[in-house]
Amino acid sequence: MVVRSIGQSGRKPALDDLDKAIIKCLQADGRRPYAQIGRQLKVPEATVRQRAERLISRGVVQIVGVTDPLAMGFQQPALIGLKVDPGKLTEIADQIAALDEVTYVVITAGRYDLFCEVVCEDNEHLLRVLTDRFAGIDGIRSTETLVELRFVKESYQWGAR
């Protein structure tokens, strides 16, 4: 599980144009050979390898396999907004994050204290998650479930602006 705080790092990572170009290439295809990226960017493979490894070790880039939940047989994704008892926010966020069905958890400002995404096999599975798993977590005051009907856009290619 990756825990990140928005706006608390205090500084933007120092990325030059070559770093940004390498990131863009890896976002298009994370399995693309460094030699091929080097040819495209007109730099040695060793330079691409060293830069990419530095970006990975600094946590700027992750190379992972992203699955499509629908193709994997999970036909009922949903977003859930949660209101929780004051003083229990972090504890409840950690408990929600530990559930297998949960793919995404954020602490938010506004109407909800937490927002999460769950990926379930069907409506019955979603119902069990809500009535068994979430209901068993002390301190959740209320939830609102938004069933996802169609993915219009899901992208991890926001670049390195």
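Residues that are free of Cβ contacts under 8 Å to residues at least 12 places away in the same chain and either surrounded by 14 or more Cβ atoms within 10 Å (Cβ to Cβ) or assigned by TED's automatic domain parsing to the domain that holds residue 135 (or both): does segment 73-84 have at least one?
Within segment 73-84, the subset free of Cβ contacts under 8 Å to residues at least 12 places away in the same chain is none.
Taking every residue of segment 73-84 in turn, none turns out to be free of Cβ contacts under 8 Å to residues at least 12 places away in the same chain and either surrounded by 14 or more Cβ atoms within 10 Å (Cβ to Cβ) or assigned by TED's automatic domain parsing to the domain that holds residue 135 (or both).
How many residues does segment 18-46 hold that are of a type in the set (Lys, Arg), surrounded by fewer than 13 Cβ atoms within 10 Å (Cβ to Cβ) and farther than 20 Å from residue 155 by Cβ?
Matching residues across segment 18-46 total 1.
Any idea which residue in segment 112-121 is farthest from residue 148 (Cα to Cα), counting only those that are modelled with pLDDT of 95 or more and outside any strand (DSSP E or B)?
113
Given (1) touching a residue at least 60 places away in the same chain (Cβ under 8 Å); (2) farther than 27 Å from residue 62 by Cβ; (3) surrounded by 13 or more Cβ atoms within 10 Å (Cβ to Cβ), identify the lone condition not met by residue 144.
(3)
Is it true that residue 92 is among the β-branched types (Val, Ile, Thr), within 30 Å of residue 29 (Cα to Cα), outside the structural domain of residue 29 (by TED's automatic domain parsing) and touching a Gly at 6+ places or on another chain (Cβ under 6 Å)? Steps first, answer last, please.
On the way: among the β-branched types (Val, Ile, Thr): yes; within 30 Å of residue 29 (Cα to Cα): no; outside the structural domain of residue 29 (by TED's automatic domain parsing): yes; touching a Gly at 6+ places or on another chain (Cβ under 6 Å): yes.
No; evaluated as a whole, the condition is false for this residue.
For segment 32-61, enumerate the residues that are under 26 Å from the mean Cα position of the chain (by Cα) and touching a residue at least 24 places away in the same chain (Cβ under 8 Å). Steps first, answer last, please.
Looking only at segment 32-61, we keep the residues that are under 26 Å from the mean Cα position of the chain (by Cα), and these are 32-34, 37, 48-61.
Passing the criteria: 48, 51, 52, 55, 58, 60, 61.
Name the residues in segment 59-85 that are more than 17 Å from residue 24 (Cα to Cα), out of contact with any Gly (no Cβ under 6 Å at 6 or more places or on another chain) and in a loop (DSSP other than H, G, I, E, B), would you?
Going residue by residue through segment 59-85, those that are more than 17 Å from residue 24 (Cα to Cα) are 67-85.
Of the ones still in play, those that are also out of contact with any Gly (no Cβ under 6 Å at 6 or more places or on another chain) are 67-83.
The answer is 67, 68, 69, 70, 71, 72, 73, 74, 75.
Would you please name the residue that is nearest to residue 75 (Cα to Cα), looking only at residues in segment 104-113 that are surrounded by fewer than 15 Cβ atoms within 10 Å (Cβ to Cβ) and within 12 Å of the chain's Cα centre (by Cα)?
At the first step, the residues of segment 104-113 found to be surrounded by fewer than 15 Cβ atoms within 10 Å (Cβ to Cβ) are 104, 106, 108-111.
Then drop every residue that is not within 12 Å of the chain's Cα centre (by Cα), which leaves 104, 106.
Numbers: 104: 17, 106: 23 Å.
Result: 104.
In segment 62-85, how many are at pLDDT 90 or above and of a type outside the set (Lys, Arg)?
Taking segment 62-85 first, the residues at pLDDT 90 or above are 76-85.
Pick out the ones that are also of a type outside the set (Lys, Arg) and you get 76-82, 84-85.
The total comes to 9.
Quick one: would you say residue 139 is small (Gly, Ala, Ser) and touching a residue at least 24 places away in the same chain (Cβ under 8 Å)?
Details: small (Gly, Ala, Ser): yes; touching a residue at least 24 places away in the same chain (Cβ under 8 Å): yes.
Judged against the criteria, residue 139 is a match.
Sort out which residues of segment 122-139 are assigned to a loop (DSSP other than H, G, I, E, B) and not aliphatic (A, V, I, L, M), and write them in order of number.
From segment 122-139, those assigned to a loop (DSSP other than H, G, I, E, B) are 122, 135-139; that's our starting set.
122, 136, 138, 139, listed by residue number.
Scan segment 86-98 and give yes if some residue there is assigned to a helix (DSSP H, G or I), touching a residue at least 24 places away in the same chain (Cβ under 8 Å), surrounded by 13 or more Cβ atoms within 10 Å (Cβ to Cβ) and under 15 Å from the mean Cα position of the chain (by Cα), otherwise no.
Residues of segment 86-98 that are assigned to a helix (DSSP H, G or I), as a first pass: 89-97.
Now drop any that are not touching a residue at least 24 places away in the same chain (Cβ under 8 Å), which leaves 89, 91-92, 95-97.
Keeping just the survivors that are surrounded by 13 or more Cβ atoms within 10 Å (Cβ to Cβ) gives 89, 91-92, 95-97.
Add one more test, that the residue is under 15 Å from the mean Cα position of the chain (by Cα), and what stays is 96-97.
Within segment 86-98 (the criterion being assigned to a helix (DSSP H, G or I), touching a residue at least 24 places away in the same chain (Cβ under 8 Å), surrounded by 13 or more Cβ atoms within 10 Å (Cβ to Cβ) and under 15 Å from the mean Cα position of the chain (by Cα)), the answer is yes, since at least one residue qualifies.
The values are calculated or read from the model by the stated rules, or taken from the named source; none is laboratory data. As the structure is a computational prediction, the values presented were derived from the model and not from experiment. All Cβ positions, glycine included, derive from the backbone under ideal geometry; neighbour counts span all protein chains shown.
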